[in-house]
Amino acid sequence: MAATTLPPTSTDATVPVQRDTTPKGLRWWRELGWRHVVTVAVLAFAFVPILYVVSSSLNPTGSLTGSNRLFSSISFDNYVELLTDPVHPYARWFVNTIVIATTTSVGTVLLGAAAAYAFSRFRFAGRRGGLLSLLLVQMFPQVLAYVAIFLLLVTLRDVFPAIGLGSQLGLILVYLGGALGVNTYLMYGFFNTVPKELDEAAKIDGASHAQIFFGIILRLVAPILAVVGLLSFVGVFSDFLIASIVLVDPDAQTLPVGLYQYVSQRFSEYWGVFAAGAVLAAIPVVLLFQFLQRYIVSGLTTGAVKG
């Protein structure tokens, strides 16, 4: 009996390949071109204010209206006046800001890390309520506490002048208390990514909680420590409202409070000097950001993915 041959099915038929007839230029624009345009627009949005401030700092006219033309004239008179003005001690303001910002960032990292370690590793009554309280407190704007902070520092000045109104130590304590909640919650998620088996192995070897915390945990959570330290430093370095409330002595003021005196005059007649001070004040922040840049992405994302 002869074998019968079945007709080819539709699946055996060759499907014709449709070639993309879109012009090459249009295809490049659809895939990559628009991204370049968005990137250039974002860079222009970010760099134009910087160029304006640098141009204003090099403009000897010293007025806001005379600084509208970028780099119309170049002179370092504003920088010389900024650093030699006896009425406005810029160098002292700069040192005060560096000391306050550095002390606050270090204290914030240590206090936040200790609190996050306790919430992450220990089980105690009120743990869940404490975490929820830290989150709820951050929902209220900080401006609500300005009057309370002022009255508290006025009272402390009569009892402990070192931490009362007008003292830099009092300002540092205010910063430490205000930043503890959000930083603790941020570090808590990162601490949970560290395996608890490391703690147990260290305890078997006879390590105490302090040795585990300082010798093991802090080294493993270095990215989040760098992020919290950077955010704290930048926030304190640029803060104006709280610093203007607490620091009443001109020699103890920080850069934002001191520089405000240049533009608080009518018609902003010292705008060039103010811009020069802003350019110099940006240098420490940029250097610190470049130094800690490798930790920023991992520090912000790791704790958010697994917590």
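What follows draws every value from the coordinates through simple rules; no lab data is involved. Please read these numbers as outputs of a predicted model, since none were measured by experiment. Here Cβ is always computed from backbone atoms with ideal geometry, including for glycine, and neighbour counts include all displayed protein chains.
Considering only Pro60, Pro89, Pro49, the Gaussian network model of the chain with Cα springs below 10 Å gives its largest mean-square fluctuation to Pro49.
For Val221, no residue 5 or more places off, or on another chain, has a built amide H under 5 Å of its own.
Can you give the charge dipole size of the chain about its Cα centre, rounded to the nearest 20 debye, using +1 on the beta carbon of Lys and Arg and -1 on the beta carbon of Asp and Glu? Don't skip to the end; give the middle numbers.
Values: 18 positive and 15 negative charges, 181 e Å.
Here the size comes out at about 860 debye.
So what is the calculated 222 nm ellipticity per residue for the chain, using -39500 (n - 2.57) for each DSSP H run with n of 4 or more, over all residues, to the nearest 500 deg cm²/dmol?
Details: 14 runs with 196 residues, N = 307.
One gets -20500 deg cm²/dmol as the mean residue ellipticity at 222 nm.
Rounded to the nearest 0.05, the FRET efficiency derived from the C-beta distance between Gln293 and Gln261 at R0 = 41 Å is 0.75. In sequence order, the range 157-167 has phi-based couplings of 4, 7, 9, 10, x, 5, 10, x, 4, x, 9 Hz under the Karplus curve 6.51 cos²θ - 1.76 cosθ + 1.60, θ = phi - 60°, and Gly or Pro positions carry x.
Taking the chain as a Gaussian network, Cα atoms linked when under 10 Å apart, which of Asp239, Asp205, Asp77 shows the biggest mean-square fluctuation? Of Asp239, Asp205, Asp77, the Gaussian network model singles out Asp205 as fluctuating most.
Which Cα, out of Val279, Tyr175, Leu198, lies furthest along the positive dipole direction of the chain (beta carbon charges, K/R +1, D/E -1)? Result: Leu198, furthest along the dipole toward the positive end.
Under the definition of Cα pairs under 8 Å and six or more residues apart, what whole-number percent is the relative contact order of the chain? If you can, show how the numbers build up before the last one.
Values: 320 pairs, mean separation 87.5, N = 307.
So the answer I get is 28 percent.
Label point of Leu152 set 7 angstrom out along Cα-Cβ; within the range 204-244, amide nitrogens under 20 Å from it belong to 232-233, 235-237, 239-244. For the range 68-157, a crude dipole built from +1 on the beta carbon of Lys and Arg and -1 on the beta carbon of Asp and Glu, taken about the Cα centre, is about 740 debye to the nearest 20. In the elastic network of the chain, a GNM with C-alpha springs shorter than 10 Å, the most mobile of Ala116, Ala145, Ala278 is Ala145.
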